[in-house]
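The values are calculated or read from the model by the stated rules, or taken from the named source; none is laboratory data. Keep in mind it's a predicted model, so treat the numbers as computed, not measured. For neighbour counting, all protein chains shown are included, and Cβ atoms are generated from backbone atoms with ideal geometry for every residue, glycine included. All accessible areas refer to the heavy atoms of the entire protein, side chains included, with ligands and DNA or RNA removed. Shrake-Rupley method; radii C 1.70, N 1.55, O 1.52, S 1.80 Å.
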Amino acid sequence: MKKLLTFAFVLIFILLISTACSGNTDSNEQENDEDRIVPVEVAEVKTGDFNVEKTVYGRTSPTSTVPVIVQTGGEIDTLYVENGETVDKNERIARIATPMGRQNVNAPTDGEIANLKQEGSMATTEEPIAMIVDTEEMMVSFSVTSRIRNLIEAEDTLPVMISDEEYEIEITSVGTLPEENGLYLVEGKVDNEDEDIIAGLVAELKIKEKVLESTIIIPTEAIVEESDESFVYVVNQGEVNKVIVEVLETQTDKVAIDGELEEGDEVVVSGQLTLSENSKVEVVQKGEES
């Protein structure tokens, strides 16, 4: 009996010690959580107009194309130029043998020779033996929606990307009526003095549309989505406060929001996934360890 009582006493003693140790551990963990400082990166809240960038695509073409047509049909006897060669107005480009004798064919305008027929082929009065294109300026044509059309005006100068190079395009015409596909034709000219642009290249035109005026703007990466709500963490004297926001418009790198934020507030853009209300934080530079 004494042995049984002694065993029971020892067991109770062990349990008491275990409970005390467990309580200390939980207390220590809680204290560690409260004292933990999370390194974060922040960005300032800004206010201003929020613009959405629209992209439309078009094709390049010569500003003018003039056909070279002979007055009397015959066989092309001699060519004095080649495709791609630049000629001046009235410069001799070919000689043809006709029933009335050999005749010279001269360029009707300045420009670059294209689609030139070969020697020995027949020239007729209906089909051109060559085309002369103006490549010092190139035309770019776009088909746009009515919404985009209303953002563009004739004589606007806009940046355009062609073959990964940026140029300036001067808008020359904006269609007033839609084409068969329901889109509006917009055309413009790009300087091509160095002749780097050829016909048929894809041109990328970006149009900025003002969507919201005097709104709150923050980086997209600051937004945290959880349980169908959006919020951000705002740094305030070494701690963070959770602020619920409504996303109004989104771009790739920034969003327009509605919420209890002011210009100059600092929102967390990196490290926020480990935070909660009143977490202690240390603001660090990008890539810097605390």
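I'd like the full set of residues that are out of contact with any helix residue (DSSP H, G or I) (no Cβ under 7 Å at 6 or more places or on another chain) and open to solvent by less than 40 Å² (accessible area, probe 1.4 Å), limited to region 43-60.
Hits for region 43-60 are VAL45, GLY48, PHE50, VAL52, GLY58, THR60.
Yes/no matrix, rows are residues, columns are (1) without any contact (Cβ under 8 Å) to a residue 40 or more places away in the chain; (2) under 30 Å from ILE257 (Cβ atoms); (3) in contact with a strand residue (DSSP E or B) (Cβ under 6 Å, 6 or more places away or on another chain):
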{"position": "LYS46", "(1), (2), (3)": "no, yes, yes"}
{"position": "VAL52", "(1), (2), (3)": "no, yes, yes"}
{"position": "VAL56", "(1), (2), (3)": "no, yes, yes"}
{"position": "ILE69", "(1), (2), (3)": "no, no, no"}
{"position": "ILE76", "(1), (2), (3)": "no, no, yes"}
{"position": "LEU79", "(1), (2), (3)": "no, no, yes"}
{"position": "GLU82", "(1), (2), (3)": "yes, no, no"}
{"position": "ARG95", "(1), (2), (3)": "yes, no, yes"}
{"position": "ASN106", "(1), (2), (3)": "yes, no, yes"}
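Please find, among GLU136, GLU170, GLU127, the residue that is of a type outside the set (Val, Ile, Thr), on the phi < 0 side of the Ramachandran plot, open to solvent by 80 Å² or more (accessible area, probe 1.4 Å) and assigned to a loop (DSSP other than H, G, I, E, B).
Residue meeting the stated conditions: GLU127.
Kindly indicate which of SER230, SER270 is touching a residue at least 40 places away in the same chain (Cβ under 8 Å) and either within 27 Å of ILE37 (Cβ to Cβ) or touching a helix residue (DSSP H, G or I) at 6+ places or on another chain (Cβ under 7 Å) (or both).
Criteria check complete, one pass: SER270.
Name the one entry in THR19, THR65 that is modelled with pLDDT under 90, open to solvent by 70 Å² or more (accessible area, probe 1.4 Å) and hydroxyl-bearing (Ser, Thr, Tyr).
Selected residue: THR19, the only one of THR19, THR65 that is modelled with pLDDT under 90, open to solvent by 70 Å² or more (accessible area, probe 1.4 Å) and hydroxyl-bearing (Ser, Thr, Tyr).
Test SER121 against the stated conditions and say whether it is open to solvent by 40 Å² or more (accessible area, probe 1.4 Å), touching a strand residue (DSSP E or B) at 6+ places or on another chain (Cβ under 7 Å) and hydroxyl-bearing (Ser, Thr, Tyr). Walk me through it before giving the result.
Numbers: open to solvent by 40 Å² or more (accessible area, probe 1.4 Å): no; touching a strand residue (DSSP E or B) at 6+ places or on another chain (Cβ under 7 Å): yes; hydroxyl-bearing (Ser, Thr, Tyr): yes.
Spelling it out, it is not the case that SER121 is open to solvent by 40 Å² or more (accessible area, probe 1.4 Å), touching a strand residue (DSSP E or B) at 6+ places or on another chain (Cβ under 7 Å) and hydroxyl-bearing (Ser, Thr, Tyr).
Test SER141 against the criterion of being at pLDDT 95 or above, within 25 Å of the chain's Cα centre (by Cα) and either farther than 25 Å from GLY111 by Cα or hydroxyl-bearing (Ser, Thr, Tyr) (or both), and give yes or no.
yes
Scan region 192-203 for residues that are open to solvent by 70 Å² or more (accessible area, probe 1.4 Å) and assigned to a loop (DSSP other than H, G, I, E, B) and jot them down. Walk me through how you get there before you give the answer.
Taking region 192-203 first, the residues open to solvent by 70 Å² or more (accessible area, probe 1.4 Å) are 193-196, 198, 202.
Matches in region 192-203: GLU193, ASP194, GLU195, ASP196, ILE198.
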